[in-house]
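These notes are about the structure you will find just below.
The values are calculated or read from the model by the stated rules, or taken from the named source; none is laboratory data. Everything numeric in this text was worked out from a predicted model, so none of it was measured. Glycine also receives a Cβ, built like all others from the backbone with ideal geometry; neighbour counts cover every protein chain displayed. With ligands, DNA and RNA removed, areas are computed over all heavy atoms of the protein, side chains included. Shrake-Rupley method; radii C 1.70, N 1.55, O 1.52, S 1.80 Å.
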Amino acid sequence: MAGQANKTLESWRAERTASYLSTAIAEHEQDPKRASFFREMSALSDRQAKKLAKELPADLDFHPSLRTRVIAFLLQTLPPRMVRNILSAQGVHGMSVYRSAKTDAAQLGTVESGDPWPTTIDDVRKHHSNVASGALRAGVFGVNDGLVSNTCLVMGVAGAGVTSSQILLTGIAGLLAGAFSMAAGEFISMLSQREMFEYQLDQEKYEIEHYPEHETEELAIIYAARGVPKKEARDLAEHIMADPKQALDVMAREELGLNPDELGSPAKAAISSFLTFSVGASVPLIPYLLGYDQEGIVFAAILAGIALFAVGTALSLFSGRSALRGGGRMLLVGSIAATATYFIGSLLGASLS
């Protein structure tokens, strides 16, 4: 019984927090329709909190936590869209309304029909699906980070006039330092994100099991706010909620903006970051690993230039821009950075010698 009471108390606090922040969003939201939507969500959370309070042994007073007050303060200076991930992490439901209709229409393939919002369960899943190229794009960016940072490092120390063995040692040190730093940062970031997502999913599962009527009403309000007729929105919400497993999947996507299938592995993310960064960082070191001496910096610059152009071309696949333009832009930016570090290294080398 004590465990159930604690869970109910936790749900009560979550609903009051959601109501408090939803009201804050409505007060600062410039779009009247979205403002109205969050006022409705606030009222719904408030009603649910009152129901939960009846299950608790004593009268409760709600005092927003310091974190909640800080977020409310942020809403006074920043548009709600900019802090939607923070709001979602605090259990504010309905943040998926901040997806653009244009993006949603493209995902659903309904641009011409003019109906970008999901009207079937399959549409709901498509509505939130992430393209498989996400991991590939992250990999390309990892290679780019390693390539640019270590090329600049190698060019900088080469400009200082050190020996080829010193350049190689510095480059290897830069590769290892950068790769381990990227891996550690990605591990902590992914672990924290996963823990947050798992907590939210557990909370959502509990609410679906114990308060299905409330969750159905929330989902119906979300769909109605997107333009689905109220009766259809209600029917769709009831149909989804009839299957608890399916309901958790949809509520995570629609209320929390999460994809339960893609929580991610901290270990895999760390290993991926380490490897992709290392691949990019190793490019300017190849001539020195092959034994080149004074001319090694020339070959390193050529290899780095080719790699920069290739990375820029690869990134153009995700932006839809011209491959030649993307490659040329990446080559130009990387060349400017490398040239700058080379001359700075030259100046420092001259002044310290």
Residue among 176, 236, 191 that alone is over 30 Å from residue 145 (Cβ atoms) and aliphatic (A, V, I, L, M): 236
Search result, residues across segment 29-47 that are outside any loop (DSSP other than H, G, I, E, B), open to solvent by 50 Å² or more (accessible area, probe 1.4 Å) and not polar (S, T, N, Q): 32, 33, 34, 39, 40, 47
Against the condition open to solvent by less than 40 Å² (accessible area, probe 1.4 Å), part of a helix (DSSP H, G or I), among the charged types (D, E, K, R) and at pLDDT below 80, how does residue 122 come out, does it pass? no
In segment 80-109, what residues are at pLDDT 75 or above, farther than 15 Å from residue 68 by Cα and among the β-branched types (Val, Ile, Thr)? 97
Any residue at all in segment 170-190 that's part of a loop (DSSP other than H, G, I, E, B) and modelled with pLDDT of 80 or more? no
Test result for residue 156, at pLDDT below 95, under 24 Å from residue 267 (Cβ atoms) and surrounded by 22 or more Cβ atoms within 10 Å (Cβ to Cβ): no
One residue is enough: does segment 241-250 have a residue meeting the conditions within 20 Å of residue 46 (Cβ to Cβ) and either open to solvent by less than 20 Å² (accessible area, probe 1.4 Å) or among the β-branched types (Val, Ile, Thr) (or both)? no
Sort out which residues of segment 216-232 are open to solvent by less than 60 Å² (accessible area, probe 1.4 Å) and modelled with pLDDT of 85 or more, and write them in order of number. 216, 220, 221
Limited to segment 54-86, what total is found for residues that are small (Gly, Ala, Ser), in a loop (DSSP other than H, G, I, E, B) and under 11 Å from residue 17 (Cα atoms)? 1
Go through the residues of segment 191-212 one by one and say whether even a single one is surrounded by fewer than 22 Cβ atoms within 10 Å (Cβ to Cβ), small (Gly, Ala, Ser) and assigned to a helix (DSSP H, G or I). yes
What's the total number of residues in segment 1-31 that are of a type in the set (S, T, N, Q) and in contact with a helix residue (DSSP H, G or I) (Cβ under 6 Å, 6 or more places away or on another chain)? 6
Can you list residue pairs whose Cβ atoms sit under 6 Å apart, with the first residue in segment 3-28 being over 15 Å from residue 67 (Cα atoms) and open to solvent by 50 Å² or more (accessible area, probe 1.4 Å) and the second being modelled with pLDDT of 90 or more and polar (S, T, N, Q)? Count only pairs 6 or more apart in sequence or on different chains. 23/42
Under 8 Å between Cβ atoms, at least 6 apart or on separate chains: pull out the pairs that start in segment 172-193 with a residue that is farther than 19 Å from residue 86 by Cβ and end on any residue that is among the charged types (D, E, K, R). 178/145; 182/145
